[in-house]
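Shown next, in structure tokens, is the structure this report addresses.
The values are calculated or read from the model by the stated rules, or taken from the named source; none is laboratory data. No experiment lies behind these values; they were computed from the predicted model shown. Positions of Cβ are backbone-derived with ideal geometry, glycine not excepted, and every protein chain shown enters the neighbour counts. Surface accessibility is based on the protein's heavy atoms, side chains included, excluding ligands, DNA and RNA. Shrake-Rupley method; radii C 1.70, N 1.55, O 1.52, S 1.80 Å.
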Amino acid sequence: MTSADYEPASLPDLLPLYYRRLFPFSQYYRWLNYGGVQKNYFQHREFSFTLKDDIYVRYQSFSTQNELEKEMQKMNPYKIDIGAVYSHRPNQHNTVKSGTFQALEKELVFDIDMTDYDDVRSCCSAADICPKCWTLMTIAIRILDRALREDFGFRHLLWVYSGRRGVHCWVCDEAARKLSVAARSAVAEYLSLVKGGEETVRKVVLSDPIHPFIRESLAVVERYFPQYALQDQGVLGHKESVDKVLALVPEDILFMEQIGGGPYYDYTVHIQCQYNMPLSYLLSQSTVKKGQHFEKEIMLQYCYPRLDVNVSKGVNHLLKSPFSVHPKTGRISVPIDFKQLDRFDPFDVPTISRICEELDRPRVGEEEEQVDSKEKDGDMDAVERRRIRDYKRTSLAKYVKILDQFLDGVARSNKGELLKKSDLQKDF
Amino acid sequence: MQFPGRQRKVIANPKAELYRHCLQFYGQPPLENISLTEFETFAVERLKLLKTVENLGVSHVKGSELYTNKLDKEFSNLHFPYKIEVKDDAKVGPTEYEKRRKDHISHFILRLAYCQTEDLRRWFIQQEVDLFRYRFNALASTYKTSFLQHNNLHYDTVGLEEKMVLSDKLISSSYAVSGCKVEDQDYYKVPFQDALDLVRNRKVYLKAGYVYIPNQDIIITVLNDFRTQLSKALALTARSLPTVLSDERLQPLLSHLSHAYVGQDYSIQKSIGKISLEQIDPLSGKSFPLCMRQLHQSLRESHHLRHGGRMQYGLFLKGIGLTLDQALQFWRSEFTKGKVDMDKFDKAYAYSIRHMFGKEGKRTDYTPYSCMKVILSNPPSQGDHHGCPFRHSDAELLKQKLQSYKVSPSGIAQILDLVKGMHYQLACQKYFELTHNIEDSGFSLNHPNQYFLESQKLLGGAREVKREADPPQRAPDAAVKQPPNPQPLAEMTEDLDAYFQDG
Ligand code: SF4
Ligand SMILES: [Zn+2]
């Protein structure tokens, strides 16, 4: 996925400008400092930078927001990753006794990557995406967001576009940050339905009774399936893809279908496959035989979110940071507004060239100069105020606002037991 | 110090207090001095018990009648406490006391022997957890309750009103419950972190961070606590281990104990450098287990393997004797036939190969994966070819694969039967027997590299690929009869407790 206005070769020239005038340092620090509730939380956090020519520097850490800014403006990283909060300052990890330097906490994270869907999408493959397959990400976010909130009781979920072909989720609740490796892997497995590698054809197998979590997830898939799979992807449109679906249907049912004939309830799409069998029937009828859920399994295999469990499991696993630039596409890794999820368009996400250019445009009106009253009474220095004015003039503004709103939520959570309880009742 | 409630002076009447219940959570380490002889006997007997637990777990369905009966027998043979529910403290007779003491001390000795590597810890925890499950299930329900109270394990129950509201969801969340009425069923409500096994398998209803556990499944939460505590304790013990190992009488004994039952780890090869890269293709057809053959094949076909596959196959190759240089050459030549150029290979992949050989990063010398590790951890996902074909392939694909490898239809049927019963290693061993034309392989398979060595031995390739001088010990007796420590009768004066300090 390349974007018309971005040229990878220009990245070294754009990055200094981006880090000097646009990167939202203050929100970024506000996020990772978590209200200063835990001592040294920001200071013990690992950052890692990818520099020019794929040079990878791990175990960076910073004492203050200012130090972070200075360092990023000096190194101008192509990519920024965020790691765990460690027992010691990561940049001093070599100086502590071996074995004592340990990853203690990190947000619970999820990584969903479009390449993992290659066997079930016909429009693109590998790193490419298009509006047709992006629906898969929308489905994934809806399913996981619901489960993480309702089932696991988490409340602070930051969804982020990776900048190229996927999405990340950062679960920032205190309880989530403190989860053990075992707990993280249990959560990830609870959320995984599509299982098996290249040696497995049927990757979703359901059995009775169907767990409420699967029912809820199915409801989401069913909502998108006709438009997404039957129309956009044409899953039943041509021989190869029909054969793929048939491979997932148990043999005894295929057999029944062929000798049966008879009037079938028809689905939204009228496609007859080469066996002259209304396949739509297969996808619409509920269980033919008790205990068989093949039509549900097929829908899930085609649409259910495919998680990279290993990313979620490790406390010390690194994940690309929000507001990092994707060096190939130039797109900024921006937060996604869940309330506007269906309207999120990855192709509309600004590239670094676009926002740098917007900066050079003549100012439009006075109101753009306005700084929120909240920001006014802070004790920000001139540089900080100027940066706020800068990003507000670009299409980055609305994404920084999403982060701001998210952080307000996190801050409210920190304010005592009482409020927490009443919020819980409201939410559930 | 992490052993909770560990305070000498509090225990006024240690005998009655410490061993009040026939089942223990092993919260407190033993505080007494014991002789080296007793130390050794206890340890060896518990190992025998754990080995039985392991073997039964592989060949029988856990918790089935046969499984339970056989374990019952082993318990009485080895004199471990079992099922004896003492009505009150006064009745703790010396025999029962002795058994409980042995249970207690032997567990802590094995912690010392099995804390050192991830593989050892995994094995030990797995067997201890299975053992605990079996013993807990054997308790009458009043004793279960008293055990929970005694160990401060409190779980909240769910009120009738809430049960009725959630009725549908509770029923469809648990196999145990379907068919009976929710109002007649007791539920516990615990934070999901305390019932990870139930969460992982979606065996419970989960709401707002709490799981609703039917009464009869509470064992899983207890087991979860047990497992967590044990794994933390092992990590702590590992840290204090250098002190323990400085005792020259204990060091050989402990290392002998840990090697006797898990088998070798196939990390140090006498055969290093005895294999040429040209041999890999023919060997993969003849002597590789299916998991490695599959990885080799897909590597040759797609000129690439994802991380999980590179680790599993790379370490196996190291285990059969490839040198670091050979490994680099092998992977480079294959990867560069695909989408990766030399430069990219050196940047992105060479590091991880040197890493495998302990030449980068933490400089840990990684050991080849055992079957248990392949089967249980990191299952393959989209694009992956690693894992165990007996565990991670569709039955239909496995069948086709076996057919293409010319296994007879009756052989295939036997293998698929074992797979259905979840006896993956036995299925693999059956495959070994069928493809090597022998009736009984005479070993019990637990490692892909063992498969390779055994195959080479049979095919007479042993001249080129030498076995280790020290073969894995299989029969428990062998281990018992040849203690490597020449001074078993020396008296130990050290306080055993000292070994469990947090160093
Ligand atoms: S049982 Fe072990 S050796 Fe055999 S295929 Fe599975 S993992 Fe490989
Ligand atoms: Zn597409």
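Residue-wise HN-Hα couplings along the range A:330-337, as the Karplus relation 6.51 cos²θ - 1.76 cosθ + 1.60 with θ = phi - 60° gives them from phi, are x, 6, 7, 7, 10, x, 9, 7 Hz; Gly and Pro carry x.
Applied to the range A:169-185, the Karplus parametrisation 6.51 cos²θ - 1.76 cosθ + 1.60 on θ = phi - 60° returns per-residue 3J(HN,Hα) values of 10, 10, 8, 9, 4, 4, 4, 5, 5, 8, 4, 6, 4, 4, 5, 4, 6 Hz, with x for Gly and Pro.
Distances between placed amide hydrogens fall under 5 Å for A:R155 paired with A:D173, all partners being 5 or more residues away or on another chain. Within the range A:27-131, the trypsin sites (Lys or Arg not before Pro) that combine a DSSP coil assignment with at most 11 other C-beta atoms in a 10 angstrom radius are A:K39, A:K97. Over the range A:290-356, accessible surface divided per residue gives 31 Å², non-protein components excluded, 1.4 Å probe.
Distant-in-sequence amide contacts of A:A84, defined by a placed amide H-H separation under 5 Å and a gap of 5 or more residues or a different chain, comprise A:E46.
Across the range B:153-219, the relative contact order, built from alpha-carbon pairs under 8 Å that are at least six residues apart, equals 35 percent. Express in Å², to the nearest 10, the accessible area of A:K195 obtained by rolling a 1.4 Å probe over the protein heavy atoms while all chains stay in place. A:K195 has an accessible surface of roughly 100 Å² with all protein chains in place.
Note that the range A:99-111 has calculated 3J(HN,Hα) couplings of x, 8, 7, 9, 6, 9, 9, 6, 3, 6, 10, 10, 10 Hz, one per residue in order, obtained from phi through the Karplus relation 6.51 cos²θ - 1.76 cosθ + 1.60 (θ = phi - 60°); glycine and proline are x. The contact residues of the range B:190-208, meaning those that lose at least 20 Å² of 1.4 Å-probe accessible area when all protein chains sit together rather than their chain alone, are B:F192, B:Q193, B:L196, B:V199, B:R200, B:R202, B:L206, B:A208. Rolling a 1.4 Å probe over the protein heavy atoms gives the range B:124-171 an accessible area of 50 Å² per residue. Note on B:E118 and A:V383: the model spin-label points, each 7 Å out from Cα along the C-beta direction, lie 4.2 nm apart. Sparse packing (at most 13 other Cβ atoms within 10 Å of the Cβ) combined with a DSSP loop state is found for the following trypsin sites (Lys or Arg not before Pro) in the range B:268-342: B:K270, B:K337, B:K339.
Work through the residues other than A:G196 whose Cβ is under 13 Å from its Cβ and net out their charges, Lys, Arg +1 and Asp, Glu -1. Result for the local shell: -3. Between A:D118 and B:K359, the modelled labels are 3.0 nm apart [label points 7 Å from Cα along Cα→Cβ].
Taking the accessible area of the range B:153-219, probe 1.4 Å, and keeping the other protein chains in place, the carbon and sulfur fraction comes to 45%. Solvent-accessible area lost on pairing A with B (1.4 Å probe, both sides summed) amounts to about 2900 Å².
Give me the percent relative contact order of the range B:312-362, please, defined on Cα pairs under 8 angstrom at least 6 residues apart. With pairs under 8 Å counted, the relative contact order is 37 percent. Measuring between their Cα centroids, the range B:191-255 and the range B:399-457 lie 33 Å from each other. Here's how it looks for A:Y56: its modeled amide H is under 5 Å from those of A:L51, which are all 5 or more places away or on a different chain. Of the trypsin sites (Lys or Arg not before Pro) in the range B:346-421, the ones in a loop by DSSP (not H, G, I, E or B) with at most 13 other beta carbons within 10 Å are B:K359, B:K362, B:R363, B:K406.
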